[in-house]
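Structure record follows, encoded as structure tokens.
Any read-out appearing in this document is the output of simple, stated calculations on the displayed coordinates, not a laboratory observation. Just so it is clear, the model here is predicted, and its values are computed rather than measured. Because the Cβ atoms are built from the backbone with ideal geometry, glycine has one as well, and the counts that use them run over all protein chains shown.
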Amino acid sequence: SPGLTPAEITTMVAQTKAKAIVTIPEFLPLVKALQGNPAGASIAQVISFGKSEGVHDFFTMIQADATGVEFLQGSKIDTKTEPATILWSSGTTGLPKGVISSHENYIAQMLQLTQDGVSLFSRGNDVVLGLVPFFHVLGAVIMCNTSLQLGAKVVTIPKFDPTLFTKVFKQHKFTITHLVPPLLGFLVANPAITKEDFDRLTTIVCGGAAVAPHVVHGVWKKAGREIYFGEAYGMTESTGATHSVSPGSNNTRVGSVGLVLPSTEAKVVDVDSGEALGPNQNGEIFTRGPQVMQGYLNNEEATQNTIDKDGWLRTGDIGYYAEDGHFYIVDRLKELIKVKGLQVIPHSLH
């Protein structure tokens, strides 16, 4: 993430013992400074998207013969446990922690998201807006893996810029977008984006936070029609999603994060007693499935506090499920206020 401080990057490199860093020219001074730090002693190779003295150029590397180049050789691994990525998350408590997701975690998530009745893709004909950062689990799963697996065209931009975003949105006629609520609001408020720019758009997926219904209706009004709007729910610790709104819902579930994905379980637990709750009762959401992380890097205590002995992942989110199985997120567990011995959700106070 470009928002990381030198101290944070130093900590991450020290904990992961990274042997190589892939970066962009703007961050090379920071990387070179890190190489001179004892914490960066493990770094043997630096790869940059651009030529610079003392580093490997990515574009030259992908055209080169890798024979005999040791650090480019593959190796046999156990896909069930071998880390594919270590993404950083604050988790449910404390400082950022390294979240270890295995190759199997990613494969499971990709299969879950492409099952009939769940998949939002048309397999090979989609043009996807790749605005979500690739260092975020959504970008890693959807942009870097699932979209390309299905043959979609992914259009990326270096960073959000209102003028560039508007130009790209108008030019490429996206069929699928993955956006956070503020960007949906930007689409509605931006006079340069018109009805014609939504001609091919079939699906809008929103995540990261709850989206207000009036924003959704604002998008539909500008497009001149209802576009399928899907919310999903998950976290870095679940290698992406655990819940998703079905494309067959016909926009009748705005506000819900949907049903559990295939091969995934979820329950709502009373925050005081730990007992499982029934429909329409607020409690902490627990999830379990093949996409759940291997654990936190070098932090067994945090892992045990987050994943119980039966494999249930504590999300730290308060929510409930309706009679038909659709889940709704209400608040974060750490935001609960205790009033006269009872846990109270802040937005319920008047």
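Only sites in a loop by DSSP and with at most 10 other Cβ atoms within 10 Å count here; which GluC sites (Glu not before Pro) in the stretch 1-76 make the cut?
Of the GluC sites (Glu not before Pro), the ones in loops of the stretch 1-76 whose Cβ has at most 10 other Cβ atoms within 10 Å are E53.
Explain nothing, just the number: dipole magnitude of the chain about its Cα centre with +1 on each Lys and Arg Cβ and -1 on each Asp and Glu Cβ, in debye rounded to the nearest 20.
Here the size comes out at about 820 debye.
Could you sort out which of K153/K195; K170/K195; K97/K159; K167/K195 sit more than 18 Å apart by Cα distance in this structure?
Correct reply: K153/K195; K97/K159.
Between T67, T303, T287, where does the largest GNM mean-square fluctuation fall for the chain, given springs only between Cα atoms within less than 10 Å?
Most flexible of the set in this elastic network: T67.
Run the simple label-point estimate for K159 and Q73 please: 7 Å along Cα→C-beta, distance reported in nm.
My value for the distance between the label points is 4.0 nm.
Name the residue, out of P38, P279, P162, whose mean-square fluctuation peaks in a Gaussian network model built on the chain with Cα pairs under 10 Å.
It is P38.
Counting other Cβ atoms within 10 Å, keep those with at most 12, restrict to DSSP loop, and tell me which trypsin sites (Lys or Arg not before Pro) in the stretch 1-110 are left.
K17, K19, K51, K76, K80
Kindly state, to the nearest 0.05, the FRET efficiency for D308 paired with Q171, given R0 = 45 Å and r defined as their beta-carbon distance.
It comes to 0.40.
Take the alpha-carbon centre of the stretch 55-88, take the same for the stretch 306-320, and report the distance between them in whole Å.
34
Considering the chain as a Gaussian network with a 10 Å cut-off on Cα pairs, which listed residue, I227, I77, I176, attains the greatest mean-square fluctuation?
I77
At what distance in angstrom do the alpha carbon centres of the stretch 19-40 and the stretch 122-149 lie from each other?
With the stretch 19-40 and the stretch 122-149 each reduced to a Cα centre, they are spaced 27 Å.
For K267, which lysines qualify as cross-link partners when the Cα separation must be under 21 Å and same-chain residues fewer than eight apart are set aside?
Once the sequence-local lysines are set aside, what remains near K267 is K309, K334.
Would you work out which of M110, V269, Y296 lies farthest towards the positive end of the dipole of the stretch 100-348? Charges go on Cβ: Lys and Arg +1, Asp and Glu -1.
It is M110, whose Cα lies furthest towards the positive end.
Counting other C-beta atoms within 10 Å, and keeping those with at most 16, which DSSP coil trypsin sites (Lys or Arg not before Pro) do you find in the stretch 155-244?
Those satisfying the criteria are K159, K173, R200, R225.
Given R₀ = 41 Å, what would the calculated FRET efficiency be for A7 paired with S119, taking r from the Cβ atoms and rounding to 0.05?
After rounding to 0.05, the efficiency reads 0.50.
Based on other C-beta atoms within 10 Å, arrange S102, S42 from fewest to most.
S42, S102
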